[in-house]
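All of the numbers you see were taken from the coordinates with simple rules; none came from a lab. Keep in mind it's a predicted model, so treat the numbers as computed, not measured. Ideal geometry is used to build each Cβ from the backbone, glycine not excepted, and the neighbour counts take in all protein chains shown.
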Amino acid sequence: MTVRLKRAYDPPGDGDGLRVLVDRLWPRGLAKAEAHVDFWAREVAPSTALRRWFGHDPARWSEFQSRYEAELSDNRAALASLRTRIGASPATLLYAGRDSEHTHAIVLARALERLAE
């Protein structure tokens, strides 16, 4: 399984494979026809409360990762369902945030890779 990360606003690429939107909310200003999303996995996105608490503040990144991993542990069925849907194919997790170093998609990709082991 190969999982890549990409902003939802970036154009699709030939190597994207299955394009999975992993945000709880649809990205602002992005038309569904232009997004080229194959699947919207909003149930594995951080909870609204966690997302609001984090507020994309890099100072909260470490704690955010821990809290989000705990949420994913409590939501194993949805995580396993996403893992099954991806299968052995390449996949790209799409997120809307601008900060590519402090995005929940990183934590989610690690969780999916652990399931693949």
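A few notes on this one:
- The length gained by stretching the chain between ASP38 and ARG85 to full extension, at 0.36 nm per residue less their Cα-Cα distance, is 15.8 nm.
- What the phi angles of the stretch 90-95 give under the Karplus curve with 6.51, -1.76 and 1.60, with θ = phi - 60°, is a coupling list of x, 9, 10, 8, 9, 9 Hz, glycine and proline written as x.
- When the convex hull of its Cα atoms is viewed from all sides, the chain shows a mean projected area of 6.8 nm².
- Size of electric dipole in the chain: Cβ of Lys, Arg +1 and of Asp, Glu -1, about Cα centre, debye, nearest 20: 240 debye
- Which of ASP38, ASP14 has the fewest Cβ neighbours within 10 Å, and the rest in rising order: ASP14, ASP38
- Magnitude of the charge dipole for the stretch 51-115, about its Cα centre and with charges confined to Cβ atoms of Lys, Arg (+1) and Asp, Glu (-1), is about 200 debye.
- Spherically averaged projected area of the stretch 1-59 from its Cα convex hull (nm²): 5.1 nm²
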